[in-house]
Amino acid sequence: MNSIMETVCWVCMQVKLKSRPGISFQNLLTLLRRQFRHQGFGIRIKSQRDKFLDSEEFYVNAYYDAEDDCNGEIPIEVVVHHNFDKDVVWDQKHATEFLIQIFDAVVHEYKHQRQSVKRKYQTYVAHIRSPYNQYLADPDEVDAYAVSIAIELCRNLGKYRALRYMGKFSSLSRLKFNGRYVSPCLASYFGAFGNLPNPVLKRLAKKIYVRLQKVDTDVLFL
């Protein structure tokens, strides 16, 4: 995954540099789409206004479609949910927070693409409407979230400190920095499955440990 992460990081860095000193949300999306297109990424980026969100709140969802991929169509869709005017100017801090979410979502979906390509698109099943714990327990999701969690831990703790904490996996899931979980994805898994020795959490821990050892922190978007 390091090669994918390196390219996605480069895209996010270019957008960050070109968005100084400020940029409107609409122009930020346009710039992001252009940079991904120049790198040959099959990604569709959309925005959706959700009125139940606060005026400055946003979050990013992303989806991979194996059938589209098999048919040579754009396989990954990224949707930015928000409730602010598209002309509002974003400062560097907010643009960076946005790009972190983009980086994490895109890398996660490219992991799904690799899973699907290896088995010739035949067995990947989406669980969008499944119960949340069933979705998280899916082997593909455990594998992909291990990557996502390793990224979050490296970003917020550092690689080697995160490896040391793996011996206290339950405590790691509750660890916060500046009021935020060091790994929101890991906290979600513990919220869904309780505590060890749950078999899903045990599989997840093993995969996270392997990913932490392999990840190149130089290609993480911070």
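The values are calculated or read from the model by the stated rules, or taken from the named source; none is laboratory data. Model, not experiment: these values are computed from the prediction. Glycine also receives a Cβ, built like all others from the backbone with ideal geometry; neighbour counts cover every protein chain displayed.
Checking each residue in segment 21-40 for being of a type outside the set (A, V, I, L, M), in a helix (DSSP H, G or I) and surrounded by 12 or more Cβ atoms within 10 Å (Cβ to Cβ) picks out 25, 26, 27, 30, 33, 34, 35, 36, 37. Taken together, 104, 68 contain a single residue that is modelled with pLDDT of 95 or more, of a type in the set (D, E, K, R) and in contact with a strand residue (DSSP E or B) (Cβ under 9 Å, 6 or more places away or on another chain), which is 104. Would you mind stating whether residue 33 is more than 22 Å from residue 148 (Cβ to Cβ), at pLDDT 95 or above and not β-branched (Val, Ile, Thr)? Here the answer is yes, as residue 33 does meet what is asked.
In segment 11-27, the residues that are under 18 Å from residue 85 (Cα atoms) form Cβ pairs under 8 Å with partners that are of a type in the set (A, V, I, L, M) and buried (at least 16 other Cβ atoms within 10 Å of the Cβ), at six or more places apart or across chains, as follows: 19/28; 19/31; 19/95; 23/31; 23/95.
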